[in-house]
Amino acid sequence: MSDLRDLPSVDEVLGKLGHLTSIYPRALVADEVRRAIDSARAAVREGRSFPPIEAEVERAIGRLATLSFRHVINATGVVLHTNLGRAPIDGYENLEYDLATGRRGKRDVHIAGLIEHLLGAPGIAVNNNAAAVYLALHELAAGGEVIVSRGELIEIGDGFRIPEIMAQSGAVLREVGTTNRTRIEDYRAAMTERTALFLRVHPSNFHISGFTARPALGELAALGRETGVPVYEDLGSGCVARLPGIDEPLARDSIRAGVDLVSFSGDKLLGGPQAGILAGRADLVARLRRNPMYRALRLDKIILRHLEVTLRHLLFERWDAVPALRLIRRTPEQIRKRAERIAAEAPGAQVIEGRSVIGGGSTPDQTLPTWLIAIGGDVVAKEAALRWRDPPVIARIENDRLLIDLRTVFEEEEAALIEALRTC
Ligand SMILES: *Cc1c(COP(=O)(O)O)cnc(C)c1O
């Protein structure tokens, strides 16, 4: 094939890939078809031949679906093998070893492709989002100024405060606007030749209502492009997939809006292990990767394995395989049925309507409808009795009632919970 017009359309190729679209998300397969057609087009332009497009897509999906971080048998005799994860815990793994070439690899590769597919931009991961914020400020703004809206100078709790982490990174904070209102002109007016970065922070754990304003993300991105100053958004929770009842910005949407770099936690709405994900413009991500602090903040092999598994579940839309997402997706009706069954075994228990809380620094006031088991009597003594059991049962007291929300109780814990409620 030597003519661009002979290349098939995305739909034509998708039509021949029913065996893939019937088991994998169609959008994901379509993405791979687009990539394969793009590389075929580049090959035609350069007068090269290219492999059959359907086979390319099958190979790419196969690679994405296969666990990259794997158990390997270490027959080298090197006990603390750097490429195979140093001290083994559950055996050795290809942590920094490329199985295809037999050469040294990078630990990032196990998650890099998944992040790029999920967010539409390359990315890396570090120990938590606090580390991600620190690394981004340190690499992109040390010695310069970072412009932030006054309404976004948050404290998350336990020592994470934007002004303090900024000071540690070596960047100088330039606050603009007021607590409740900041306009795009405020950012522009605060610019000097030392301006290194525009920072946008998701106000995770509080909510300002009333007479408020902040520029749309697209406006800030446009100012960044016009002035050559990168825009970095700390998303906090960083939702990767749209979830029922959850109104959180999607990381992918920020990147689409033109933000140069985003970061968010791995163990909030992503539903994975403690980690901080940074993604965005390839040149900025490459700089963060080269910063000497990256090594100090990088992921451990155990976390990396869990993160890879979680990211793959998200990419393949296996929501219920991610425990936090499965709990968020439980319907009030499912919870009510369980509550009634369990309440029938606990003397004096009633089933009432209530709200579950998302928590974890996602948007405050964000709750989900649920049904609760409510217990009366000496609730202080009962609450303590539950807490002293093994395993401890953590419940809450509200309006002189002890409340149990099954949204967060796993099915395999029900027998122990029933036993605890009977004896308290
Ligand atoms: C939660 C949060 C952080 C800190 O993230 P960790 O993963 O706990 O380090 C930073 N910024 C925002 C906006 C957050 O919501």
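The values are calculated or read from the model by the stated rules, or taken from the named source; none is laboratory data. Treat the numbers as computed from the prediction; the structure is a model and nothing was measured. Please note: Cβ atoms are built from the backbone with ideal geometry, for glycine as well, and neighbour counts cover all protein chains shown. Just the protein is used for accessible areas: all its heavy atoms, side chains included, with ligands, DNA and RNA removed. Shrake-Rupley method; radii C 1.70, N 1.55, O 1.52, S 1.80 Å.
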Residue list for segment 1-29, given a label point 7 angstrom along the Cα-to-Cβ vector of Ala42 and an amide N cut-off under 20 Å: 1-10, 29
Helix-only CD estimate at 222 nm, as mean residue ellipticity for the chain, using -39500 (n - 2.57) per DSSP H run (n ≥ 4): -11500 deg cm²/dmol
Placed amide H near Glu145: partners under 5 Å, 5+ positions off or other chain: Val172, Thr195, Ala196, Leu197
Residue order for Ile255, Ile154 - accessible surface, 1.4 angstrom probe, largest first: Ile255, Ile154
Coarse-grained scattering of the chain at q = 0.11, 0.12, 0.14 Å⁻¹, given as base-10 log I(q)/I(0) from a Debye sum over alpha-carbon atoms: -1.02, -1.14, -1.30
Relative intensity, log₁₀ I(q)/I(0), of segment 204-296 from a Debye sum that treats every alpha carbon as a point, q = 0.15, 0.23, 0.25 Å⁻¹: -0.69, -1.27, -1.33
Gap separating the Cα centres of segment 279-345 and segment 372-424, nearest whole Å: 27
Percentage relative contact order, segment 1-123, counting C-alpha pairs under 8 Å, at least six apart: 15
Highest-fluctuation residue, Leu140, Leu299, Leu67 considered, GNM on the chain with Cα pairs under 10 Å: Leu67
Pair Glu413, Glu54: separation of 7 Å Cα→Cβ label points (nm): 4.8
Dipole moment magnitude, nearest 20 debye, segment 39-84 about Cα centre, only Lys, Arg, Asp, Glu C-beta charged: 100
Over segment 36-177 - Rg/Rh using Cα atoms and the Kirkwood inverse-distance radius: 1.12
Heavy atoms of Tyr294 accessible to a 1.4 Å probe, total area in Å² rounded to 10: 20
Accessible surface, per residue, of the chain when the full set of protein chains is kept, probe 1.4 Å, Å²: 49
Directionally averaged shadow of segment 292-420, computed from the convex hull of its alpha-carbon atoms, nm²: 10.8
Lys, Arg +1 and Asp, Glu -1 on Cβ, resulting dipole of the chain about Cα centre, debye, nearest 20: 680
Size-normalised alpha-carbon gyration radius of segment 248-297, reference 2.2 N^0.38 Å: 1.23
Whole-number D in µm² s⁻¹ for segment 129-230, Kirkwood Cα-pair radius fed into Stokes-Einstein, 4 °C, 1.567 mPa s: 93
For the chain: relative contact order, % (alpha-carbon pairs under 8 angstrom, 6 or more apart): 12
Listed residues Asp283, Asp247, Asp38, most fluctuating in the chain (Gaussian network, C-alpha, under 10 Å): Asp38
Charge-dipole axis of the chain as Lys and Arg at +1 and Asp and Glu at -1 on Cβ define it, positive-most pick from Val148, Met166, Ser39: Ser39
Acute angle (nearest 10 degrees) that the helix 414-423 long axis makes with the longest principal axis of the chain, alpha-carbon atoms: 20
Rounded to the nearest 20 debye, dipole of segment 254-394 from Cβ charges on Lys, Arg, Asp, Glu: 660
